[in-house]
Amino acid sequence: MSYEDQNQPPYNDPYYGYQPSSSNDPNTAGYEQQGYDNSSYPGYDQSQQQPPAQPQRTAPQLQQLQRVQSGIPGFDQIVGGGLIRDRVYLLAGPAGAGKTIFSTQFLYNGITKFGENGVYVVLEETPQQLRENMFNSFQWDLRQYEDSGNLIILDAISSRLGLSSQENYVVPRPFTLEALLYEIQTAIQRVQAQRVIIDSLDAMSLELTQVDLRSLIQRLTMILKSFGCTTLLVSGQADRSSDPAHMSRKAVEEYVVDGMIRLHHTLEESTSGETMLEENSVQGNTLEEDSFAMKVRARKIEIPKMRGTSHSQYLHPITINENGVEIKSEPEVSRRLRRAVFKAKPVKGDM
Ligand SMILES: Nc1ncnc2c1ncn2[C@@H]1O[C@H](COP(=O)(O)OP(=O)(O)O)[C@@H](O)[C@H]1O
Ligand SMILES: [Mg+2]
């Protein structure tokens, strides 16, 4: 079969496209309306009708929210013990902030430490680039887990760019959002995924109006929740709060999701000092101190919102090293405001 044959969307497939109240889908069946009309139940005797008893409407049991551990050092502590299962989060931050590394680490730990399979939808780089970057930087062998059926990397970039693909899981050409949503569902079902990454939302929604974008994100979140997936929607948008046109778009994403993780990557001044003891034969020893100011790029993380849990309100420093992302759960101290030095009074008699 040629690539083109393989990639023809199954337009004659009755399940193609999203079914909002999907009666085909056992996962969403519970969402369907349960009426109170029991007249069709066997054994129901219409002749013995008593004055209608008030229907016993018991409030649904409130369940303890289950936490999904990221396994990313320091992260679960700042979100009250882990992300909440089945929910959709926005992972936002500028290019190079560490969004792809954070996302991959979340999936990789899910598979290797917590027995949860994953789907990674790539819209900005090819699956092969992701595999190579993650293996070279952190020794995370994604291919191994694709081969063992624990992970699918869904190639959504090739068809978006109109290119062919050698990948096993690929969105067919021509790229449409319907096709993308269908392939995401198929991939989730195939590996019974419990963790999903969409990297990135921006690439997915480039030409959409705000109304379409809101509807897309709402559909996507409904699908992901109905499959019981904990999801990170990656957004490369920097903070555009000063731009009114962008503010409303930002509100669309933030309104729909259950929580937001924001990564910062900013230039900062760091100072360091050096003290030298110089010997001078004429004047004796002198102490000299030099201090330097250098610009460094610093990474930080904050949790602007997270429904259903308490979470840190502070900025926390992040480092990326050969093990991946690491978060300091102690908040960042921006500057020392006051330093008090107490001198002990000399005690009488010591003089
Ligand atoms: N092994 C490593 N050690 C330290 N930093 C790394 C390592 N690998 C990648 N990085 C840093 O991570 C950055 C890329 O992060 P990435 O998650 O791809 O960013 P984003 O997806 O937000 O654009 C690189 O620019 C580099 O600074
Ligand atoms: Mg990235």
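The values are calculated or read from the model by the stated rules, or taken from the named source; none is laboratory data. Because the structure is predicted, anything quoted here is derived from the model rather than measured. Note: ideal-geometry Cβ built from the backbone for every residue, glycine included; neighbour counts use all protein chains shown. Remember, those area values only see protein heavy atoms, side chains included, never the ligands or the DNA or RNA. Shrake-Rupley method; radii C 1.70, N 1.55, O 1.52, S 1.80 Å.
Summary table below
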{"item": "Residue match in the stretch 330-340 (condition: in a loop (DSSP other than H, G, I, E, B), under 30 Å from Q64 (Cβ atoms) and modelled with pLDDT under 95)", "result": "yes"}
{"item": "Residues of the stretch 57-115 satisfying the condition of being assigned to a strand (DSSP E or B) and open to solvent by 10 Å² or more (accessible area, probe 1.4 Å)", "result": "R67"}
{"item": "R160 being within 16 Å of ligand 2 (Cβ to nearest atom) and either over 21 Å from P94 (Cα atoms) or at pLDDT below 95 (or both)", "result": "yes"}
{"item": "Selected residue (only one of I197, I188 is touching a helix residue (DSSP H, G or I) at 6+ places or on another chain (Cβ under 7 Å) and open to solvent by less than 40 Å² (accessible area, probe 1.4 Å))", "result": "I197"}
{"item": "Condition met for Q77 (more than 17 Å from the chain's Cα centre (by Cα) and away from ligand 2 (no atom under 14 Å from the Cβ))", "result": "no"}
{"item": "Residue that is farthest from R131 (Cα to Cα), among those in the stretch 152-162 that are outside any helix (DSSP H, G or I) and open to solvent by 10 Å² or more (accessible area, probe 1.4 Å)", "result": "G162"}
{"item": "Test: residue in the stretch 125-147 that is charged (D, E, K, R), under 28 Å from R87 (Cβ atoms), in contact with a Gly (Cβ under 9 Å, 6 or more places away or on another chain) and away from ligand 2 (no atom under 15 Å from the Cβ)", "result": "no"}
{"item": "Residue ranges of helices (runs of 4 or more DSSP H) in the stretch 164-235 with at least 3 members closer than 22 Å to R131 by Cβ, modelled with pLDDT under 95 and over 20 Å from the mean Cα position of the chain (by Cα)", "result": "none"}
{"item": "The one condition in (1) more than 18 Å from the chain's Cα centre (by Cα); (2) surrounded by 19 or more Cβ atoms within 10 Å (Cβ to Cβ); (3) in a helix (DSSP H, G or I) that W140 fails to fulfil", "result": "(3)"}
{"item": "Q166 open to solvent by 10 Å² or more (accessible area, probe 1.4 Å), within 16 Å of ligand 1 (Cβ to nearest atom) and not hydrophobic (A, V, I, L, M, F, W, C)", "result": "no"}
{"item": "Meets criteria (more than 16 Å from ligand 1 (Cβ to nearest atom), over 19 Å from N150 (Cα atoms), of a type in the set (G, A, S) and touching a residue at least 60 places away in the same chain (Cβ under 8 Å)) for S215", "result": "no"}
{"item": "The stretch 297-334 - residue that is in contact (Cβ under 8 Å) with a residue 40 or more places away in the chain, open to solvent by less than 50 Å² (accessible area, probe 1.4 Å) and not aliphatic (A, V, I, L, M) and, of those, farthest from ligand 1 (Cβ to nearest atom)", "result": "T309"}
{"item": "Any hit, the stretch 169-177, residues being open to solvent by 10 Å² or more (accessible area, probe 1.4 Å), farther than 21 Å from T221 by Cβ, among the charged types (D, E, K, R) and within 16 Å of ligand 2 (Cβ to nearest atom)", "result": "no"}
